[in-house]
Amino acid sequence: ANKTEIKIAVEKIFNVKVTAVNTLNRPGKTRRTRTGLGKRKDTKRAIVSLAEGDRIDIFGGPVG
């Protein structure tokens, strides 16, 4: 996914206003296997900035 697709998805799923999206590609690590060397897959991470006052509570708020 590119930055525009990430912005649209986050705004739609979490109902917030995204002001900026920064992405970084993490290369997968090489690991030894029984048959030689294997490689874990590459991953992409996204850092999303939200408008003032918007918040995404992934783990919920305080209980009680």
Item to check | Long-range neighbours under 9 Å by Cβ, at least six apart or interchain, first residue closer than 20 Å to Gly28 by Cβ and of a type in the set (Val, Ile, Thr) within the range 40-59, second part of a strand (DSSP E or B) and at pLDDT 95 or above | outcome: Thr43/Asn25; Thr43/Arg26; Ile47/Ala20; Ile47/Val21; Ile47/Asn22; Ile47/Thr23; Ile47/Leu24
Checklist entry - Does Lys29 fit the bill of being among the charged types (D, E, K, R), more than 13 Å from the chain's Cα centre (by Cα) and either at pLDDT 95 or above or surrounded by 10 or more Cβ atoms within 10 Å (Cβ to Cβ) (or both)? => result yes
Checklist entry - Looking at (1) at pLDDT below 95; (2) surrounded by 10 or more Cβ atoms within 10 Å (Cβ to Cβ), can you tell me which one Gly61 breaks? => result (2)
Checklist entry - How many residues, within the range 32-64, are assigned to a loop (DSSP other than H, G, I, E, B) and within 25 Å of Lys17 (Cβ to Cβ)? => result 12
Next on the checklist: Suppose the filter is in contact with a Leu (Cβ under 8 Å, 6 or more places away or on another chain) and outside any loop (DSSP other than H, G, I, E, B); does Thr23 pass it?
Outcome noted: no
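A quick yes/no check of all residues on (1) among the charged types (D, E, K, R); (2) touching a Lys or Arg at 6+ places or on another chain (Cβ under 8 Å):
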{"site": "Ile6", "(1), (2)": "no, no"}
{"site": "Glu11", "(1), (2)": "yes, yes"}
{"site": "Asn15", "(1), (2)": "no, no"}
{"site": "Thr23", "(1), (2)": "no, yes"}
{"site": "Arg26", "(1), (2)": "yes, yes"}
{"site": "Leu37", "(1), (2)": "no, yes"}
{"site": "Asp54", "(1), (2)": "yes, yes"}
{"site": "Pro62", "(1), (2)": "no, no"}
Item to check | Val16 being touching a helix residue (DSSP H, G or I) at 6+ places or on another chain (Cβ under 6 Å), at pLDDT 95 or above and outside any helix (DSSP H, G or I) | outcome: no
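The values are calculated or read from the model by the stated rules, or taken from the named source; none is laboratory data. In this text, all values refer to a predicted model and were calculated from it rather than measured experimentally. Positions of Cβ are generated from backbone atoms using ideal geometry, with glycine treated the same way; all protein chains shown enter the neighbour counts.
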